[in-house]
Amino acid sequence: MPSFPREEMDEMVARWIAANTEAGRSGDWSKMSAFYTDDAVYSWNNGPHHEFVARGRGEIHDNAFGLEMAGLENWTYPYVRTLIDDKKGEFIGIWRQVAPATDPKTGEPYEIAGTGGSWFRYAGDYKWCFQRDWFDLGNAAAVFFAMLENDELTDTMKKRLEGGTDQPGWVKRTDFNWYDTIADRED
């Protein structure tokens, strides 16, 4: 993959993190899709049987930042570490997942424990062509169920949880191998 000037990669990451911060503040995640190429692939694992995959900016806009963020509008995803490889044109960001509601047991905002992160491939022109997220699905489920029990989930998120795996972008793992989306694997 091509290398990119370090200053350009630094600027891309700064723009991305600023937009991420603003999206969490405003609750409008839709503008994030402007950071992707027309043919980008964005995916994450949804447990042992399912993956989420969005192919192209339109699906990323509609499904990843639309349907999948419905009910999570004012959650924040602050980045705690950024790692840039300008030679490969890649960026890895480690982030937290923090709810806008307070856990009555702790007095602190609900937060999904474990490590959350994203691996990006840069395409130039301040656009990503690849993103693969990871997060602790078990801890995410525990937080959502605790919030449900305490009546802290939005109605939109309650409805999404009822929908299970029958949602746009969710595919069986046998139908999508994220590993095949990496053109220059090192194995």
Could we say that TRP128 is in contact with a helix residue (DSSP H, G or I) (Cβ under 7 Å, 6 or more places away or on another chain) and closer than 27 Å to ASP38 by Cβ here?
yes
Residues being in a helix (DSSP H, G or I), closer than 19 Å to ALA140 by Cα and in contact with a helix residue (DSSP H, G or I) (Cβ under 8 Å, 6 or more places away or on another chain) - total across region 19-65
2
Mind listing whichever residues of region 79-118 are within 19 Å of GLY138 (Cβ to Cβ), assigned to a loop (DSSP other than H, G, I, E, B) and in contact (Cβ under 8 Å) with a residue 40 or more places away in the chain?
GLN97, ASP103
Return the pairs, sorted by first residue and then second, in which the second residue is of a type in the set (Asp, Glu), the first residue lies in region 23-49 and is free of Cβ contacts under 8 Å to residues at least 60 places away in the same chain, the beta carbons are less than 6 Å apart, and the residues are 6+ apart or on different chains.
GLY27/GLU73
Given PHE135, PHE144, PHE176, which one is hydrophobic (A, V, I, L, M, F, W, C), surrounded by 14 or more Cβ atoms within 10 Å (Cβ to Cβ) and within 18 Å of PRO100 (Cα to Cα)?
PHE144
Do we have any residue at all in region 96-111 that's buried (at least 16 other Cβ atoms within 10 Å of the Cβ), of a type in the set (Gly, Ala, Ser) and touching a Cys at 6+ places or on another chain (Cβ under 9 Å)?
no
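Rule-based calculations on the coordinates, nothing more; no lab input. Bear in mind the structure is a predicted one, so any value in this text is a computation, not a measurement. Neighbour counts run over all protein chains shown; Cβ positions are idealised from the backbone, glycine included.
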